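Worksheet: the structure to be examined is printed underneath.
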Amino acid sequence: MRQALALLLLTAGIFVALEIWFGFHMAYSIALGTIVVMAIMISLTFLWLWQRRETPLALGMSFSWAGAASVLGWWWFFHVLHGPVVMNENGVLFVFLGLYFVGAVQHFVVMQRSMGIGIRVFVLPVLGAILVAAMVSLYG
């Protein structure tokens, strides 16, 4: 836990230093780009682990990290390219969100199997997440 907190403080300090030296937009671009590239590498690593059948969570983790890389990558390119019109309200983003969603659902499936919970109970957190998101979006 200490190592993780120390790494968090160090990383935040580096990003703040980047902001001071290069300004907010460049620091944001470097930070976001870094996590996008790391997410791609993590996704590919989990895909490899799934292919080797090392862990039941590997495919879900691969989908989740690929979804994170895709969604964050979309916003990184949007930022770097200064908000091109072609990226405004583009349905391709829903494919990336779908990839992320499938990864999350696969995590719930693994948890459901590990806990021995029936499939009907497993669906509740997913439906609950959709309901919360819809309510916040509609009434927020």
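We did not get these values from a lab; they are worked out from the coordinates using the rules stated. Note that the structure is predicted; figures quoted are calculated from it, not measured. We place every Cβ from the backbone using ideal geometry, glycine too, and count neighbours over all the protein chains shown.
When the label point is put 7 Å from the Cα of PHE22 along its Cα-to-beta-carbon vector, which residues of region 33-58 have a backbone N closer than 11 Å? Only 33-34 fall inside the zone, counting backbone N under 11 Å. Mean separation of Cα pairs under 8 Å and 6+ residues apart, divided by the residue count of the chain: what relative contact order is that in percent? Once normalised by length, the contact order is 20 percent.
Once the cut-off is 19 Å, how many percent of the Cα-Cα pairs in region 15-79 end up in the long-distance tail? Of the Cα pairs, 42 percent sit more than 19 Å apart. Computed from label points 7 Å out along Cα-Cβ, the spacing between SER137 and ILE40 is 2.8 nm.
Once the Cα atoms are used to define both axes, helix 2-22 deviates from the longest principal axis of the chain by about 40 degrees. Each of LEU124 and LEU81 was given a label point 7 Å from its Cα along the Cα-to-Cβ line. The distance between the two points is 4.4 nm.
Starting from the coordinates of the alpha-carbon atoms of the chain, obtain the Kirkwood hydrodynamic radius over all distinct pairs and give the value in Å to one decimal. Working shown, then result.
Details: mean 1/r = 0.0571 Å⁻¹.
Taking the inverse mean of 1/r over all distinct Cα pairs, the chain comes out at 17.5 Å.
Please give me, ordered by residue number, the GluC sites (Glu not before Pro) of region 1-106 that lie in loop per DSSP and have at most 14 other Cβ atoms within 10 Å. Walk me through the numbers before you get to the answer.
On the way: sites: GLU19, GLU54, GLU89; in loops: GLU54, GLU89.
Qualifying residues, ordered by number: GLU54, GLU89.
What percent of all Cα-Cα pairs in region 1-40 falls in each 10 Å bin, counting up from 0? Answer for region 1-40: a P(r) of 30, 45, 24, 1 percent. Helix 119-139 and the longest principal axis of the Cα set of the chain meet at an angle near 40°. The magnitude of the dipole of the chain, with charges of +1 and -1 set on the Cβ of Lys/Arg and Asp/Glu and taken from the Cα centre, is near 480 debye.
How much length, in nm to one decimal, is gained on full extension between LEU8 and MET111, taken as 0.36 nm per residue of separation minus their Cα-Cα distance? Could the numbers behind the result be given before it?
On the way: separation 103, 0.36 × 103 = 37.08 nm, distance 2.81 nm.
That pair, LEU8 and MET111, stretches by 34.3 nm at full extension.
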